[in-house]
Amino acid sequence: MTRSSRDAAINVIRVCRDGISFAIGKPLRLPAYDGGEPPAAPVEEPPGDLGRCRIVAASPPPTRAEQPWEFGVLVDGGQFDPTSSRARVRDAWRQGVGWLDPIPDLDVPPGDTVVLDVDLPLKFDPTREMTFSEEPEQTGFLSAGYKQPYEFTPPFHDVGVNFYGEFTHRWTTELEPGAWVAMSLENFEPGRSSVDYLVQVQDCILPAEPGQSHEQSAAEPPREG
């Protein structure tokens with residue numbers, strides 16, 4: 001799942017019961033308007049603390065204007081229902097989602113639902129590019145509509161970034177397969193200019209760290225019989 005939000009992009013690689021692997025790049029070197037030229041890559045690292053990014057994640061995702069978090073997320077032209085007894089309905093998001101416009105932000109999550117809160121150092125790496133595709137992502141989706149690089153005129157699929165990092169972090173508590181997690185680049189602050197990321201936990205365990213051993217398993221998304 002590589003999607004942009006504000007001036008950053010996250011590529012969610014794996015979402016497991018015990019944690020998550022992902023990559024972050026920022027800022028995206030995109031034109032300021034359709035038809036414009038993207039900025040050139042910097043030769044030297046810009047001054048200031050630009051190469052950091054804070055990620056806060058909560059499970060279950062917080063409410064949305066006191067409605068369930070899925071309020072306003074549309075699949076097959078109707079409201080998404082992640083609690084449906086039918087797997088085909090629960091998994092309809094894999095075919096792509098839409099959103100009401102406007103749609104409320106996710107609310108600030110209760111503290112006891114926060115499963116990750118990390119401040120990440122990104123490496124100055126101006127030759128790095130992140131790839132965006134129109135295909136529906138299979139790890140999750142954005143919490144609201146946000147213009148993606150491939151929606152520019154002309155479209156961009158490989159976008160340069162100035163800072164980049166790849167990370168694996170454990171949740172503070174193990175999550176159930178099928179659970180949903182909301183990830184925010186702005187600590188779910190009210191009035192934030194970014195949208196959040198919603199990802200679904202799969203039945204897997206992250207690869208073992210050096211010196212440890214884990215029995216690693218991965219299950220396909222449930223199918224309706």
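What follows is calculated from the coordinates using simple rules that are stated; it is not laboratory data. Note that the structure is a prediction, hence the values are computed from the model and not measured. Because the Cβ atoms are built from the backbone with ideal geometry, glycine has one as well, and the counts that use them run over all protein chains shown.
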Cα centre as origin, Lys/Arg/Asp/Glu Cβ charges: the chain dipole, Debye
120 debye
A87 paired with A65, simple spin-label distance in nm, labels 7 Å along Cα-to-beta-carbon
3.5 nm
On a C-alpha basis, how far is the centre of the range 179-210 from the centre of the range 1-68 in Å? Whole number, if you could?
11 Å
Computed FRET efficiency, Cβ-Cβ of Q138 and D76, R0 22 Å: what is it to the nearest 0.05?
0.85
For the chain, calculated [θ]222 nm from helices alone, where every DSSP H run of n ≥ 4 adds -39500 (n - 2.57):
-500 deg cm²/dmol
Compute the projected area of the convex hull of the Cα atoms of the range 134-173, averaged over all viewing directions, and report it in nm² to one decimal place.
4.8 nm²
In what sequence, highest mean first, do 121-134, 4-17 appear when ranked by Cβ atoms within 10 angstrom?
4-17, 121-134
The range 65-125: relative contact order in percent, alpha carbon pairs under 8 Å with at least 6 residues between
31 percent
By how many nm would the segment from Y146 to R14 lengthen if fully extended, with 0.36 nm per residue of separation less the alpha-carbon distance?
45.3 nm
Given 38-49, 102-113, the highest-first ranking by average Cβ count within 10 Å works out to 102-113, 38-49
